[in-house]
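Trainee: Supplied in structure tokens, the structure appears directly below.
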């Protein structure tokens, strides 16, 4: 990608800002639907895939279908054919924040050299195992640590990371409640 | 004013109807009088009505007395560094009305404003005006925002907007959840906690500011740095700039921030995001909201330090980061925790329910370009309307001069020039 500015994080900020303006003027085009399918394989092993989504008023598609195996580890008497579902949540959060950092850095003319996120989420299994009803099923908390090498001051890097949280979809999804409807067809 | 008394006895004509006799409407009245323009000022209640009847008891201006001024009129008392109470503001504005010799029709709420050919028709309960121009100076705080989930609160909990709240003594016995961490939310949480009640404060995006920096009031710095004079057509993201919550300040010689509240025993939670039965749910993003406010504060102080460089103005200061507990509360059971009151300090919006013109955006907000709403129709006193200071008392002077000059020119144009100007305005001025 060719950028007009010397800073290049591989993010086309002009396109993003153009999209922002276009969607401000046409809010209906901003209505997106993200989709996934998941099929049980065996035991706790399942295989999910994503390919199609809806946006800009029409059906869209990824370049290819992406597949994800999920399972539980051997210590849960499973075959460990993939990451656990909760780890996919961490993957989603980390990749969303990281993408945000790149975009915000580009917009602020900050050259990134490396960005690495390390995540850890606590979970008390007494929740999902039904041992203690006061313990929730999900994470008790998530900790994200970023190691960032960039042409910027410490404060500028902190501001990048803060802004990426403000703008992150997955950060919003995990920090705020969402209505979930599950039906059987 | 001529009266057209045949078919509709209760109607009249004038050049300009000014709606609202607060500081903005009166300043516009002074401008119009100075140019010999026939106008009426309609006031739903009394002069400075909101300051008399719609403020909590302890409220004081966030701007010091030296800054509180109107065109050709300023504070002349012996406490320039003090902060006026609401009653003192009402008195200040009422004296200004006398000073400019304004004629105000009090007790005259406007029922409708509509386009009427080239003119406007403004109707009150008793009377109708046909006029060539309307100035809406009825304030940015007409309606207190209350989120829809207020309707789902448990029956034992009283829901109160910042407009209805008066003082801690009037609250029912029990705890209080204050929602919103701008100046209003912090001030209410502070005085309610001081009255001995358990207070939880729901905190979203907020602007942290010390009352003084390097020996000067923060408003002095904001003025010096040119921040208050920033124009609406010079900011990168105006929609966002207009949405920025009011800074965490109190009209007193002390800093009121989240750390001060925590020290008082107020529990800080994230933004209120929902209600599940009796349980209030808070966002888990509190830490980032606080980190962001701390970072912005540091950037602002860096700017002030650059301004102070080489001078003898006090010492560079940095403030302790906002303290956030390791696991801030994500839920609050309002019934079990005996929360008696939820106070919505979630901002205000202007009331244009009487404006019958297609001048609103898809979210019902008034569309305007620096106060120009439509040919002949002007707004005043809105958040960052023409300048960051537009919603402040001292912000009226520049805005009234800009819009008032335009208005005077508009009235003096010939009908055909006005028609052309109308086209131009539609094209975006």
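Trainee: Just to be sure I understand, how many residues within the stretch B:299-335 are closer than 27 Å to residue A:143 by Cβ and touching a residue at least 24 places away in the same chain (Cβ under 8 Å)?
Mentor: Pass one, the stretch B:299-335, residues closer than 27 Å to residue A:143 by Cβ: B:299, B:318-333.
Still in the list and also touching a residue at least 24 places away in the same chain (Cβ under 8 Å): B:319-325, B:328-333.
Within the stretch B:299-335, residues that are closer than 27 Å to residue A:143 by Cβ and touching a residue at least 24 places away in the same chain (Cβ under 8 Å) number 13.
Trainee: Also: So which of A:93, A:129, A:119 is outside any strand (DSSP E or B) and without any contact (Cβ under 8 Å) to a residue 40 or more places away in the chain? Spell out the reasoning first.
Mentor: Values: A:93 fails: without any contact (Cβ under 8 Å) to a residue 40 or more places away in the chain; A:119 fails: outside any strand (DSSP E or B).
Testing whether each residue is outside any strand (DSSP E or B) and without any contact (Cβ under 8 Å) to a residue 40 or more places away in the chain leaves just A:129.
Trainee: Okay, next question. Please find, within the stretch A:17-39, the residue that is surrounded by the most Cβ atoms within 10 Å (Cβ to Cβ) out of those that are assigned to a helix (DSSP H, G or I) and more than 14 Å from every other protein chain (Cβ to nearest Cβ). Outline the logic, then answer.
Mentor: So in the stretch A:17-39, the residues assigned to a helix (DSSP H, G or I) come out as A:17-25, A:27-30.
Now narrow it down to the ones that are more than 14 Å from every other protein chain (Cβ to nearest Cβ): A:18-19, A:22.
Values: A:18: 11, A:19: 14, A:22: 12.
The residue in question is A:19.
Trainee: Please go through (1) touching a strand residue (DSSP E or B) at 6+ places or on another chain (Cβ under 8 Å); (2) in a helix (DSSP H, G or I); (3) loosely packed, with under 11 Cβ neighbours inside 10 Å for residue A:64 and return the number of the only condition it doesn't satisfy.
Mentor: (2) is the only condition that residue A:64 fails.
Trainee: Continuing with the same structure: Going through B:97, B:144, B:137 one at a time, which residue ends up being under 30 Å from residue B:212 (Cα atoms), at pLDDT 95 or above and crowded, with 19+ Cβ neighbours inside 10 Å? Break it down stepwise before answering.
Mentor: Values: B:97 fails: under 30 Å from residue B:212 (Cα atoms); B:137 fails: under 30 Å from residue B:212 (Cα atoms).
Matching residue, one of B:97, B:144, B:137: B:144.
Trainee: Could you please let me know if residue A:104 is in a helix (DSSP H, G or I) and in contact (Cβ under 8 Å) with a residue 24 or more places away in the chain? Walk me through it before giving the result.
Mentor: Working: in a helix (DSSP H, G or I): yes; in contact (Cβ under 8 Å) with a residue 24 or more places away in the chain: yes.
Yes.
Trainee: Among the numbered criteria (1) modelled with pLDDT of 95 or more; (2) buried (at least 18 other Cβ atoms within 10 Å of the Cβ); (3) within 14 Å of chain A (Cβ to nearest Cβ), which one does residue B:346 miss?
Mentor: It fails just one condition, (3).
Trainee: Quick check on my filter: what residues within the stretch B:261-295 are in a loop (DSSP other than H, G, I, E, B) and more than 9 Å from every other protein chain (Cβ to nearest Cβ)?
Mentor: B:265, B:266, B:277, B:278
Trainee: I need a count of the residues in the stretch B:319-330 that are loosely packed, with under 11 Cβ neighbours inside 10 Å and either within 14 Å of another protein chain (Cβ to nearest Cβ) or in contact with a strand residue (DSSP E or B) (Cβ under 7 Å, 6 or more places away or on another chain) (or both).
Mentor: Of the residues in the stretch B:319-330, the ones loosely packed, with under 11 Cβ neighbours inside 10 Å are B:320, B:326-327.
If we keep only those that are either within 14 Å of another protein chain (Cβ to nearest Cβ) or in contact with a strand residue (DSSP E or B) (Cβ under 7 Å, 6 or more places away or on another chain) (or both) as well, we get B:326-327.
Going through the stretch B:319-330 one residue at a time, the tally reaches 2.
Trainee: Could you say which residue among B:305, B:333, B:402 is away from chain A (no Cβ under 14 Å), out of contact with any helix residue (DSSP H, G or I) (no Cβ under 8 Å at 6 or more places or on another chain) and modelled with pLDDT of 95 or more?
Mentor: Unique residue meeting the criteria: B:402.
Trainee: Any chance the stretch B:240-256 includes a residue that's facing chain A (nearest Cβ under 9 Å), outside any loop (DSSP other than H, G, I, E, B) and over 25 Å from residue B:318 (Cα atoms)?
Mentor: Residues of the stretch B:240-256 that are facing chain A (nearest Cβ under 9 Å), as a first pass: none.
So far as the stretch B:240-256 goes, no, none of its residues is facing chain A (nearest Cβ under 9 Å), outside any loop (DSSP other than H, G, I, E, B) and over 25 Å from residue B:318 (Cα atoms).
Trainee: When you go through B:174, B:185 one by one, which is the residue that is at positive phi and in the same structural domain as residue B:267 (by TED's automatic domain parsing)?
Mentor: Values: B:185 fails: at positive phi.
Going through B:174, B:185 in turn, just one is at positive phi and in the same structural domain as residue B:267 (by TED's automatic domain parsing): B:174.
Trainee: State all residues of the stretch B:46-67 that are assigned to a loop (DSSP other than H, G, I, E, B) and surrounded by fewer than 20 Cβ atoms within 10 Å (Cβ to Cβ); if no residue qualifies, say none.
Mentor: Initially, the stretch B:46-67 is screened for residues assigned to a loop (DSSP other than H, G, I, E, B), giving B:46-48, B:54-59, B:61-64.
Scanning the stretch B:46-67 gives B:46, B:54, B:56, B:57, B:58.
Trainee: Considering the stretch A:125-138 alone, what residues qualify as being away from every other protein chain (no Cβ under 13 Å) and either touching a helix residue (DSSP H, G or I) at 6+ places or on another chain (Cβ under 8 Å) or closer than 24 Å to residue B:274 by Cβ (or both)?
Mentor: Listed by number, the residues that qualify are A:127, A:128, A:133, A:135, A:137.
Trainee: Condition first: touching a residue at least 40 places away in the same chain (Cβ under 8 Å) and either within 15 Å of residue B:353 (Cα to Cα) or crowded, with 20+ Cβ neighbours inside 10 Å (or both). Now tell me which residues in the stretch B:116-131 satisfy that.
Mentor: Passing the criteria: B:120, B:122, B:124, B:129, B:131.
Trainee: Any idea which residue in the stretch A:139-156 is surrounded by the fewest Cβ atoms within 10 Å (Cβ to Cβ), counting only those that are touching a residue at least 40 places away in the same chain (Cβ under 8 Å) and either within 17 Å of residue A:106 (Cβ to Cβ) or more than 9 Å from every other protein chain (Cβ to nearest Cβ) (or both)? Step through it out loud before you land on a result.
Mentor: From the stretch A:139-156, those touching a residue at least 40 places away in the same chain (Cβ under 8 Å) are A:139, A:142, A:144, A:146, A:148, A:150-152, A:156; that's our starting set.
From what is left, the residues that are either within 17 Å of residue A:106 (Cβ to Cβ) or more than 9 Å from every other protein chain (Cβ to nearest Cβ) (or both) are A:139, A:144, A:146, A:148, A:150-152, A:156.
Numbers: A:139: 18, A:144: 17, A:146: 18, A:148: 20, A:150: 18, A:151: 12, A:152: 18, A:156: 16.
The extreme case among them is A:151.
Trainee: For the stretch B:189-207, how many residues are touching a strand residue (DSSP E or B) at 6+ places or on another chain (Cβ under 8 Å) and over 15 Å from residue B:145 (Cβ atoms)?
Mentor: Applying the first criterion (touching a strand residue (DSSP E or B) at 6+ places or on another chain (Cβ under 8 Å)) to the stretch B:189-207 yields B:189, B:192-193, B:197-204, B:206-207.
From the residues that got through so far, the ones that are over 15 Å from residue B:145 (Cβ atoms) too are B:189, B:192-193, B:197-201, B:203, B:206-207.
Qualifying residue count, the stretch B:189-207: 11.
Trainee: Moving on to the next point. Looking only at the stretch B:349-364, which residues are in a loop (DSSP other than H, G, I, E, B) and modelled with pLDDT of 95 or more?
Mentor: Applying the first criterion (in a loop (DSSP other than H, G, I, E, B)) to the stretch B:349-364 yields B:350-354, B:356-359, B:361-364.
Within the stretch B:349-364, B:350, B:351, B:352, B:353, B:354, B:356, B:357, B:358, B:359 meet the criteria.
Trainee: Of the residues in the stretch A:170-185, how many are within 14 Å of chain B (Cβ to nearest Cβ) and exposed (fewer than 14 other Cβ atoms within 10 Å of the Cβ)? Full working, then the answer.
Mentor: So in the stretch A:170-185, the residues within 14 Å of chain B (Cβ to nearest Cβ) come out as A:170-180.
Remaining after also requiring exposed (fewer than 14 other Cβ atoms within 10 Å of the Cβ): A:178-180.
Of the residues in the stretch A:170-185, 3 are within 14 Å of chain B (Cβ to nearest Cβ) and exposed (fewer than 14 other Cβ atoms within 10 Å of the Cβ).
The values are calculated or read from the model by the stated rules, or taken from the named source; none is laboratory data. Because the structure is a prediction, the values reported are computed rather than measured. Every residue, glycine as well, gets a Cβ built from its backbone with ideal geometry; the counts of neighbours run over all protein chains shown.
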